Each structure stands twice: as C-alpha cells, then as structure tokens.
1. Given only helices, namely DSSP H runs of n ≥ 4 each adding -39500 (n - 2.57), what is the per-residue ellipticity at 222 nm of the chain, to the nearest 500 deg cm²/dmol?
2. Based on the Cβ-Cβ distance of Thr37 and Ser17, what FRET efficiency does E = 1/(1 + (r/R0)^6) give at R0 = 35 Å, to the nearest 0.05?
3. Please express the shape of the chain as an equivalent ellipsoid: the semi-axes are the square roots of 5 times the eigenvalues of the C-alpha gyration tensor, given largest first in whole angstrom.
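Rule-based calculations on the coordinates, nothing more; no lab input. None of these values were measured; they are calculated from a predicted model. Note that we place each Cβ from the backbone using ideal geometry, even for glycine, and neighbour counts take in every protein chain shown.
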Amino acid sequence: MRLVILAAAFGAALLVSACNTVSGVGEDVQAAGKAVTTTAEDAKR
C-alpha cells in the first residue's frame, strides 16, 4: 500500500511539472508568433 501511495505522489508531481513545461512552451510559441506577425507587418510598409 505504501508503494502505491508513493507511486501516485510521484506521478502527480510529474503531471504538475509537465503542465508548467507545456504552458511555458505555449508562451514561447505565442511570443515567436507575435514577432513574426510584427516583422511581416513592418515588411508590408
């Protein structure tokens, strides 16, 4: 029983850290998209 609780806690910790990582990647991709959009708009002028 102790091993099951330990495994569940470890799995929960991995899921929480993965969410933060995915969120960070999403923010980086969004920032890159804004930079590309701004560059494209500047090139049109």
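1. On the way: 1 runs with 43 residues, N = 45.
After summing the helix terms and dividing by the residues of the chain, the value is -35500 deg cm²/dmol.
2. Working: r = 31 Å, r/R0 = 0.88.
The computed FRET efficiency comes out at 0.70.
3. Numbers: eigenvalues 383, 3, 3 Å².
Listed largest to smallest, the semi-axes of the chain are 44, 4, 4 Å.
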